[in-house]
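Let me begin by presenting the structure, written as structure tokens, before commenting on it.
The values are calculated or read from the model by the stated rules, or taken from the named source; none is laboratory data. Note that this is a predicted model, so its numbers are computed, not measured. Cβ sites come from the backbone with ideal geometry, for glycine too, and all protein chains shown count toward neighbours. With ligands, DNA and RNA removed, areas are computed over all heavy atoms of the protein, side chains included. Shrake-Rupley method; radii C 1.70, N 1.55, O 1.52, S 1.80 Å.
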Amino acid sequence: MYKTLKPGFLVLVLLVVAMLGACSAKSEPSVTPAAASSEGAEGSDQPLTKVKIQLKWVPQAQFAGIYAAKEKGFFADEGIDAEIIPGGPDIVIEQQVVNGAADVGITGVDSLLVSRDNGLPLVSLAQISQKSSYRLIAKKSAGITDPAQMKGKKVSTWFGSQQFQVLAFMEKNGLDPKKDIELVKQGFTMDQFFNDQVDVATATIYNEYHVVLESGTKESDLDVFNIEDAGVGMLEDTLIAKKDWVDSNKELAVKVTRAVLKGWNYAIDNQSETVDIVMKNVTDGSTTREHQVTMLEEIAKLIRPEGFTEKQVGSFVDESFTRTADIALKYGLIKKAANLDEALEKSVYEEAVKDVTK
């Protein structure tokens, strides 16, 4: 069984905040022209503008839209030479963007709110995922068919900031997460679940859940609890940039956002081809094509859920952001109420989708 691919813990963000303070001041835009040999849109001899895009984790279908945008020329159409930088367990996305190692990045909304709460001048350009990917899973043999039956059980989840959806789920269902359950730190594999070291485990619908199924477990052998359906889901992947970079490069920010959203619509509509593109970029031996096919199928439902049009991909749904910010404040993830008007660069998104008709 290969390792599941999961973002590094948000706690790393908190460890670097102090050293990033100086970076919060005014800085020169990090955009630099690409080599003169690079051609611009439609074969023009104008040099492309180099833009570095930092992923929140290693290459996989979670970022299929970005890889599709590069492969299909959507960035080049906007005059951009995009460099896609893989993430990893020791990469703090916010640090990369604030210190100029990347121009834009993909991070979780909870992480964005924590960073802003600690004074980092970051904003969201577009909201990539619209629903929580979290599920709580239990084997049928555990006899947990209702959340109330989790009382007295061992429940595992990722720590850092990633446990708060689970805590909110417990409270929503009348359980005190400090007294009624034993909260266990979950690793990057599902071994604790496989080995019956926990009664309930956390899984993203696009990754760990299918790792469990790929191990031979049948869906009928599981009881599954959907965090989003419980009304306590927190928003996840969002496209971020440094505020002063956006202010100094507004047109470029719009172009980057437009290319990313075009990439995601293409990826969702052309999934088999896009998985081929993703597989060119994954680390050898880290995954299989079959797993990436499933990941993209599930990710597509989070990014363009039922009822969403192409033009709505990347949009800011106020209710979802408010819920995410409220949960972050309730559990002390942030110390003061988030100012979402300042955190969301809605004008960038609105300009980016002007030419999208559907």
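Near the amide H of Ala126, within less than 5 Å, lie the amide hydrogens of Leu239, all on another chain or at least 5 residues away, with H placed in the peptide plane.
When the Cα centres of the stretch 261-334 and the stretch 53-96 are compared, how far apart do they sit, in Å? Using only Cα atoms to place each centre, the spacing works out to 13 Å. Looking at the chain alone, DSSP beta bridges between its own residues are antiparallel in about 60 percent of cases.
Quickly estimate the mean residue ellipticity at 222 nm for the chain, helices only: each DSSP H run with n ≥ 4 gives -39500 (n - 2.57), and the total goes over all residues, rounded to 500. Present the calculation step by step, with values, prior to reporting the outcome.
On the way: 15 runs with 131 residues, N = 358.
Mean residue ellipticity, 222 nm, calculated: -10000 deg cm²/dmol.
Taking θ as phi - 60° and the Karplus parameters 6.51, -1.76 and 1.60, the scalar couplings of the stretch 191-197 work out to 4, 4, 5, 4, 8, 6, 7 Hz in sequence order, x denoting glycine and proline. Compactness of the stretch 238-281 is given as radius of gyration and Dmax, 13.6, 38 Å, from Cα positions.
How would you classify the stretch 47-141 from its alpha-carbon gyration tensor, with a ≥ b ≥ c the square roots of the eigenvalues: rounded for a/c under 1.5, else prolate if a/b is greater than b/c, otherwise oblate? Intermediate values should be presented prior to the final figure.
Numbers: a/c = 2.20, a/b = 1.37, b/c = 1.61.
Oblate.
Label sites at Glu171 and Asn270, each approximated as a point 7 angstrom past Cα along Cα to Cβ, lie 4.5 nm apart. Working note: Debye formula, equal point scatterers on the alpha-carbon atoms of the stretch 142-186, no solvent; log10 I(q)/I(0) at q = 0.16 Å⁻¹ is -0.37. For Phe316, the accessible area of its heavy atoms, probed at 1.4 Å with every protein chain present, is near 30 square angstrom. In order along the stretch 68-77, the phi-based Karplus estimate (6.51 cos²θ - 1.76 cosθ + 1.60, θ = phi - 60°) of 3J(HN,Hα) comes to 5, 4, 6, 5, 8, x, 5, 5, 4, 4 Hz; Gly and Pro are listed as x.
Phi angles across the stretch 167-175 convert, under the Karplus curve 6.51 cos²θ - 1.76 cosθ + 1.60 with θ = phi - 60°, into 3J(HN,Hα) values of 4, 5, 4, 4, 5, 4, 9, x, 10 Hz, Gly and Pro given as x.
Across q = 0.06, 0.11, 0.14, 0.15 Å⁻¹, the chain modelled as identical point scatterers on its alpha-carbon atoms has Debye log10 I(q)/I(0) values of -0.21, -0.73, -1.18, -1.34, in the order of the q list.
Which log10 I(q)/I(0) values does the stretch 243-358 give at q = 0.12, 0.13, 0.15, 0.21 Å⁻¹ under the Debye formula, counting every alpha carbon as one identical point scatterer? The Debye formula, applied to the Cα set alone, gives -0.61, -0.71, -0.89, -1.14.
Note down the Stokes-Einstein diffusion coefficient of the stretch 211-307 in µm²/s, whole number, using a Kirkwood radius over alpha carbon pairs, 4 °C, and 1.567 mPa s.
78
Highest-first packing order for the peptide set 278-285, 149-156 is 149-156, 278-285, based on the mean count of other beta carbon atoms within 10 Å. Between the alpha-carbon centers of the stretch 104-165 and the stretch 186-224, tell me the distance in whole angstrom. Here the answer is 16 Å between Cα centres.
Summarising the amide proton neighbourhood of Leu222: residues at separation of 5 or more, or on other chains, whose placed amide H is nearer than 5 Å comprise Lys140. Rg and Dmax of the stretch 58-198, based on Cα coordinates, read 19.1, 57 Å. Which lysines does Lys50 reach when only Cα atoms under 19 Å apart count, and residues fewer than 8 places away in its own chain are ignored? Leaving aside lysines fewer than 8 places away in the same chain, those within reach of Lys50 are Lys70, Lys72, Lys242, Lys243, Lys250, Lys255, Lys262. For Lys50, the residues whose modelled amide H falls within less than 5 Å of its own, excluding neighbours fewer than 5 places apart on the same chain, are Thr32, Ala34, Asp81. Going by a ≥ b ≥ c, the root eigenvalues of the Cα gyration tensor, does the stretch 121-207 fall in the rounded group (a/c under 1.5), the prolate group (a/b larger than b/c) or the oblate group? Prolate shape, in that a/c is at least 1.5 and a/b is the bigger ratio.
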